[in-house]
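Beneath this line is the structure, given in structure tokens, with notes to follow.
The values are calculated or read from the model by the stated rules, or taken from the named source; none is laboratory data. Because the structure is a prediction, the values reported are computed rather than measured. All Cβ positions, even for glycine, are placed from backbone atoms using ideal geometry, and neighbour counts span all protein chains on display. All accessible areas refer to the heavy atoms of the entire protein, side chains included, with ligands and DNA or RNA removed. Shrake-Rupley method; radii C 1.70, N 1.55, O 1.52, S 1.80 Å.
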Amino acid sequence: MQIAETISAARAACRSLRASGSELGLVPTMGALHQGHLSLVRAAQESCGAVAASLFVNPRQFGPNEDFSRYPRTFEQDCALLRSAGVSLLFAPPVEEMYPTGADTIVEVERLSNRLDGASRPGHFRGVATVVAKLFHILAPHRAYFGQKDGVQVAVLRKMVRDLNFDLELVVCPTVRDPDGLAVSSRNRYLSEPQRSQALVLSRALRAAEERVAAGERAAPALLACARRVLAEAPEVRLDYLALVDPDTLEDVTELRRPAMLAVAAFVGGTRLIDNVLLPP
Ligand code: PAF
């Protein structure tokens with residue numbers, strides 16, 4: 001696996017991967033890799049001849065009181081995982097390479113960026129869209145892979161790809177869960193043992209709503225009330241939002257007529273966790 005720290009080295013490496021006739025798949029990450037990331041790598045390998053990953057803890061997607069400085073950084077371990085997963089290229093630039101002094105241009109997906117996580121984390125999706133647009137320009141993949149766990153991020157990036165005519169396919173892969181239901185996340189490592197058990201209430205609440213849908217319920221208020229009742233079983237978990245929305249527009253839905261996303265965000269101690277499920281009509 002080649003490791004490129006500069007944009008020019010990464011560009012040259014991607015150019016030669018594409019020149020060898022391979023379709024290029026990109027898995028953008030902030031490191032602290034887990035089974036969710038590795039499932040994206042596997043999906044990329046299934047349909048692309050070569051896979052590149054990026055590892056960049058993007059300062060512009062963290063708010064002033066968020067966890068940028070303590071975000072887990074496990075570079076050596078991440079390299080070993082990507083190497084044994086068969087990744088051809090890792091782009092791991094320093095901050096000054098991505099944002100040299102005077103880098104003022106931003107990508108803002110208006111409206112969507114202010115919904116749900118965007119409402120709670122002002123500026124977060126501007127940072128995400130800006131860095132992902134840069135990665136797409138630098139590495140020019142045929143396909144880019146993201147996890148459904150970040151359902152709002154997926155909606156924002158899908159819209160960005162459409163609005164800015166990026167010539168690539170955005171592939172969304174299912175959320176990977178631990179056997180007890182917790183959605184895997186780099187931030188799970190912040191949780192103490194008791195907090196980890198409390199955090200299970202998120203996936204339990206989503207599953208309860210899924211069961212109500214399977215039993216025939218279609219009305220949003222009933223589904224939200226069902227999930228809220230489960231969340232109330234863990235009063236130490238502080239709810240940020242629970243919403244049933246269209247997965248593309250992120251607008252609230254009142255009834256399941258098309259697939260909808262039931263999404264939740266909550267604080268367990270100081271750790272903000274998110275999860276969602278897609279509910280069939
Ligand atoms: O999902 C993430 O890890 C990040 O938001 C991403 C897409 C790598 C951009 O920094």
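Numerical summary
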{"read-out": "With all protein chains modelled, accessible area of residue 160 [1.4 Å, Å²]", "value": "0"}
{"read-out": "Other-chain or far-sequence residues with amide H under 5 Å of residue 177's (modelled H)", "value": "184"}
{"read-out": "Top positive-direction residue, dipole computed over region 1-114 with Cβ charges, set 20, 43, 112", "value": "20"}
{"read-out": "Region 1-101, relative contact order [Cα under 8 Å, separation at least 6], %", "value": "42"}
{"read-out": "Signed unit charges on C-beta, dipole axis of region 39-193, positive-most listed residue 181, 57, 88", "value": "181"}
{"read-out": "Rounded accessible area per residue of the chain, 1.4 Å, Å²", "value": "46"}
{"read-out": "Carbon plus sulfur fraction of accessible area for the chain, probe 1.4 Å, in percent", "value": "50"}
